[in-house]
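The block underneath contains the structure these notes are about, expressed in structure tokens.
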Amino acid sequence: MTKNIPQEHFLKDYQSPQYEIKSVYLTFYLSPNKTQVINHMVVEAKGGKAPLLLDGDKSLTLVSIKENNQLLLKEDYELNSESLTLFPKSNQFELEIVTEVDPESNTYLEGLYRTNGNYCTQCEAEGFRRITYYMDRPDVLSSFTTKIVADKAESKVLLSNGNLIESGDLPNNQHYAVWEDPYKKPCYLFALVAGNLEVVEDTFVTQENREVALKIYVEARNLDKCEHAMQSLKKSMQWDEERFGLAYDLDVYMIVAVDDFNMGAMENKGLNVFNSKYVLAKPESATDHDFEGIESVIGHEYFHNWTGNRITCRDWFQLTLKEGLTVFRDQEFTADMLSPDVKRIEDVKRLRNNQFPEDAGPMAHPIQPQSYIEMNNFYTMTVYEKGAEVVRLYHTLLGEKGFQQGMKRYIECFDGQAVTIQDFRQAMAEANDVNLNQMHHWYIQPGTPHLKVTKTYNPITKCLALKFSQFLNGKQVHLPLLIPVLFGFMDEEGTALPIKPSISTKNKVTQTEKGMLLKVTQLNDTFEFMGLETEPYLSLLRHFSAPVSLDYKATEEELMVLASHDSDSFVRWESIQKLAMLNLKENVIRFENSEPFLILDSYLNAFKAVLEDNEIDLALKSLAMALPDVIYFSEQYEEVNMDAILASHNFLKKAIAEFFEESLLETYQALEASEKPKYRYHKEDIANRMLKNRCLNYLLQLPKHFDIGVAQYQNHHNMTDVLAALEAMNHLARVERAQCLEDFYQRWQSDNLVIDKWFALQASAQSDQALEDVKKLTKHPDFTYHTPNRLRSLLGVFGRLNFAGFHDKTGEGYQFLAEEVLKVDKLNPQVAARLASLFSQWQRLAEPRKTLMYKAIEHIASAEDLSKDVFEIVSKTLK
Ligand code: PHE
Ligand code: ZN
């Protein structure tokens with residue numbers, strides 16, 4: 001909490017540490033309200049005699065400090081709420097610092113805390129300083145040994161990083177365990193877990209013939225929900241060996257699932273701690289989407305063992321070094337496990353819905369931020385998802401083989417070190433003998449680049465000129481980006497045309513394993529192609545080869561041909577989405593002019609072609625049939641008229657349902673009849689359910705089909721179909737909806753993850769009642785301010801997805817959320833800051849919403865004792 005303006009940290013101020021911590025031996029005497037931590041370190045000065053600054057936190061109680069066994073007196077050190085400064089007498093010495101912490105009262109869920117009676121830690125980014133005084137920075141690597149002492153009845157299981165080297169009983173019903181991690185690590189990768197947990201076990205034999213014990217620890221009631229997580233772990237280990245040649249390096253890999261967790265999961269060395277949402281699943285209680293999320297997060301944390309743990313970050317400004325790379329790896333993993341084309345489209349949607357708005361708003365930052373007030377605020381879609389897109393650029397430029405050579409070199413050069421994004425780029429460049437310096441521009445400039453394309457065709461010379469112009473933040477002057485564009489040409493029938501670059505263009509165009517690639521390297525870059533008998537249609541940015549917004553005004557005819565004939569499934573999907581967008585935008589204009597809405601023939605025909613296509617993969621079909629999401633739709637406007645956008649979106653959805661009613665019904669019934677009774681997590685079954693539920697969703701736009709939703713809710717026992725039925729019914733305030741919701745609640749009352757879905761359903765209902773319902777739900781006995789998942793499912797979903805309720809014209813939705821942010825901030829600043837960022841789009845809203853939202857943010861900003869986390873978000877938002 002802060003009275004004064006909190007301190008800002010800058011990348012340019014980086015200095016390497018003056019001390020080395022050779023080893024650290026931690027002893028924990030666990031007790032709910034008073035845990036004692038003895039931190040014994042062997043320290044060595046690197047250069048001259050500088051004071052030793054150890055990070056701390058106001059939540060620590062300092063008990064004693066000994067330097068080489070000599071008790072220090074108050075005058076020997078300087079202590080404040082954030083640090084402890086010592087003045088060592090020699091260059092090599094031992095330090096023993098004793099502190100006390102209170103896990104039970106730790107509602108921040110950072111440092112050592114309790115969740116459902118069990119102890120657990122979260123140290124990334126700067127949580128270790130809430131456990132003991134330490135050099136809490138990722139470039140200080142040390143050997144950790146951890147001894148845990150606890151009550152036997154209260155904490156049957158005692159876990160930490162590395163290998164168990166000793167354990168036994170102690171007097172007074174106590175016991176202990178000693179863990180030793182053979183790999184040096186920064187303290188953010190430290191973990192401790194203790195409590196009454198049960199374990200599910202398996203083994204994996206690595207390519208180096210190491211037998212690894214795999215253990216998933218959960219509360220007893222969840223033992224039946226671990227199988228998918230275990231399979232996912234084994235697949236991850238196998239895949240990383242096959243695709244990256246990387247094998248696991250300890251004899252045990254442990255995963256612990258906890259209900260109270262700020263993020264998705266954490267890659268602590270040998271002891272991952274997971275939000276239970278990303279571990280627990282059985283077909284009755286988890287959807288296909290949940291199963292996929294588990295597979296990818298288990299993969300993500302596992303892949304961190306090399307990209308993050310063995311090679312870590314020099315400082316937190318390098319976060320995208322480990323996160324961008326590891327997200328890229330988990331995306332590739334999911335693509336290989338399921339369908340690469342579907343995965344690519346889903347990732348692009350995710351980027352556009354979540355990262356593009358961030359990059360266009362007040363919190364925009366480069367994937368390498370240049371400064372921060374609270375590091376936790378920079379675990380963003382930009383650092384993660386755009387960071388992964390930038391790693392993908394290397395992959396597209398170098399190909400799989402070149403990329404893997406770069407990875408090999410990266411690991412050979414930097415294993416065991418804390419490094420920078422430049423080190424990564426250098427490894428990629430050297431291994432492929434190319435210059436990649438221009439890639440740096442992607443790391444240091446915020447904003448989504450716009451790539452404008454102008455085409456000139458000369459029917460006499462048969463020559464085509466394509467001019468690409470880059471814009472960033474609306475400006476054409478910036479450091480030029482290297483933008484790889486996968487592309488193709490096509491005639492009116494949809495036949496591919498030959499690509500013959502002119503002499504001056506030849507060296508800028510290459511044939512790659514993903515297809516023809518041109519490299520835009522300048523702010524204005526022109527490419528010439530010869531021997532084109534007719535003016536070609538352009539297929540651009542195949543596979544979404546760069547995270548840009550492409551500004552090319554294709555004609556409706558061109559889009560229709562691309563939508564049904566392009567060889568690239570991303571471009572096919574994109575083209576039909578563009579047709580839908582044209583239609584949606586046309587109706588926004590009509591709304592503003594009080595003219596009747598219409599449905600464009602081009603979109604209608606493209607939709608019909610997809611719906612009747614019997615060759616196409618069912619998941620791709622379902623994606624093509626979906627309208628652009630409301631968030632991405634509103635991203636198209638400098639000034640957002642929420643009423644027009646919602647009316648246009650609702651109209652088109654209903655119009656499609658009316659127009660294709662028969663065909664949608666037929667498709668629905670056929671898929672429903674062919675669905676296998678036993679749930680399988682398998683790409684064909686997933687695609688089947690996806691398309692079926694897309695049809696259902698359209699059909700329930702027509703009230704007469706409401707019964708189909710009710711029937712599906714009653715007849716199915718897998719959560720994918722059950723939830724899809726509830727979602728389809730959710731926009732109409734019919735008694736059947738209420739009855740199904742009530743039944744759902746009764747059935748699942750004891751399962752937290754399912755009850756989160758129950759809250760989220762009501763929070764996202766687009767009705768006039770929604771705001772009142774959500775307010776009431778904050779008083780529901782199952783609502784708690786202490787569990788981040790619950791806060792996200794009610795408040796987060798309301799602010800992000802309830803366009804009608806949150807953006808209520810009176811401003812009450814904004815006021816409500818502002819009050820909630822202030823309540824949450826007292827308990828959990830990290831989660832409060834995430835909720836506060838839901839106000840970031842105020843400047844683009846049309847009046848009256850703009851002013852109303854501004855007032856809500858001001859209300860938060862004017863509160864006393866704001867956390868650093870919320871302070872940073874609201875102060876930047878108001879700027
Ligand atoms: N490092 C974690 C991941 O991406 C995310 C995380 C950050 C978790 C901070 C907790 C706290 O896998
Ligand atoms: Zn990560």
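Each row is one residue, and each column tells you yes or no for (1) polar (S, T, N, Q); (2) more than 16 Å from ligand 2 (Cβ to nearest atom); (3) farther than 30 Å from A335 by Cβ.
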residue: Q122; (1), (2), (3): yes, no, no
residue: D136; (1), (2), (3): no, yes, yes
residue: L141; (1), (2), (3): no, yes, yes
residue: F144; (1), (2), (3): no, yes, yes
residue: A153; (1), (2), (3): no, yes, yes
residue: G162; (1), (2), (3): no, yes, yes
residue: L214; (1), (2), (3): no, yes, no
residue: N222; (1), (2), (3): yes, yes, no
**OP:** Return the total of residues in segment 625-669 being outside any helix (DSSP H, G or I) and not acidic (D, E).
**Re:** 8
**OP:** Please work out which one of (1) surrounded by fewer than 18 Cβ atoms within 10 Å (Cβ to Cβ); (2) basic (K, R); (3) within 16 Å of ligand 2 (Cβ to nearest atom) is the condition K386 fails and give its number.
**Re:** (1)
Original post:
Can you tell me which residues in segment 304-341 are in contact with a strand residue (DSSP E or B) (Cβ under 9 Å, 6 or more places away or on another chain) and more than 15 Å from ligand 2 (Cβ to nearest atom)?
Top reply: R314, D315, F317
Original post:
Any residue at all in segment 344-351 that is crowded, with 21+ Cβ neighbours inside 10 Å, within 16 Å of ligand 2 (Cβ to nearest atom) and either over 27 Å from D290 (Cβ atoms) or aliphatic (A, V, I, L, M) (or both)?
Top reply: no
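Residue-by-condition table, conditions (1) part of a strand (DSSP E or B); (2) farther than 22 Å from N39 by Cα:
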position: E166; (1), (2): yes, no
position: A177; (1), (2): yes, no
position: Y183; (1), (2): no, no
position: D202; (1), (2): yes, yes
position: R221; (1), (2): no, yes
position: M230; (1), (2): no, yes
position: S236; (1), (2): no, yes
position: W239; (1), (2): no, yes
Original post:
Quick one: in segment 274-295, which of the residues that are part of a helix (DSSP H, G or I) and within 12 Å of L233 (Cβ to Cβ) is nearest to ligand 1 (Cβ to nearest atom)?
Top reply: Y278
Original post:
Which of the residues spanning segment 724-751 are in a helix (DSSP H, G or I) and closer than 15 Å to D707 by Cβ?
Top reply: A725, L726, A728, M729, V735, E736, R737, Q739, C740
**OP:** Give just the number: which of (1) buried (at least 23 other Cβ atoms within 10 Å of the Cβ); (2) within 16 Å of ligand 2 (Cβ to nearest atom); (3) not in a helix (DSSP H, G or I) does E301 not satisfy?
**Re:** (3)
**OP:** Go through (1) in contact with a strand residue (DSSP E or B) (Cβ under 8 Å, 6 or more places away or on another chain); (2) not assigned by the TED database to the domain that holds K66 one by one and return the number of the condition K152 breaks.
**Re:** (2)
Subject >> Of the criteria (1) away from ligand 1 (no atom under 16 Å from the Cβ); (2) under 21 Å from the mean Cα position of the chain (by Cα); (3) in contact (Cβ under 8 Å) with a residue 40 or more places away in the chain; (4) surrounded by fewer than 21 Cβ atoms within 10 Å (Cβ to Cβ), which one P340 fails >> reply: (3)
Subject >> strands (runs of 3 or more DSSP E) (entirely within segment 1-87) containing at least 3 residues that are among the aliphatic types (A, V, I, L, M), surrounded by 14 or more Cβ atoms within 10 Å (Cβ to Cβ) and in contact with a strand residue (DSSP E or B) (Cβ under 7 Å, 6 or more places away or on another chain) >> reply: 19-29, 35-45, 52-55
**OP:** Confirm whether C226 is out of contact with any Pro (no Cβ under 8 Å at 6 or more places or on another chain), without any contact (Cβ under 8 Å) to a residue 60 or more places away in the chain and buried (at least 22 other Cβ atoms within 10 Å of the Cβ).
**Re:** yes
Original post:
Among S90, S83, S155, S105, which is the only one that is under 24 Å from V252 (Cα atoms) and of a type outside the set (F, W, Y)?
Top reply: S155
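Residues checked against (1) in a helix (DSSP H, G or I); (2) more than 16 Å from ligand 1 (Cβ to nearest atom); (3) within 27 Å of F633 (Cβ to Cβ):
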{"site": "L319", "(1), (2), (3)": "yes, no, no"}
{"site": "E323", "(1), (2), (3)": "yes, no, no"}
{"site": "T326", "(1), (2), (3)": "yes, no, no"}
{"site": "R329", "(1), (2), (3)": "yes, no, no"}
{"site": "T334", "(1), (2), (3)": "yes, no, yes"}
{"site": "E346", "(1), (2), (3)": "yes, yes, yes"}
{"site": "Q355", "(1), (2), (3)": "yes, no, yes"}
{"site": "R392", "(1), (2), (3)": "yes, yes, yes"}
{"site": "L397", "(1), (2), (3)": "yes, yes, no"}
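The values are calculated or read from the model by the stated rules, or taken from the named source; none is laboratory data. Bear in mind the structure is a predicted one, so any value in this text is a computation, not a measurement. Because the Cβ atoms are built from the backbone with ideal geometry, glycine has one as well, and the counts that use them run over all protein chains shown.
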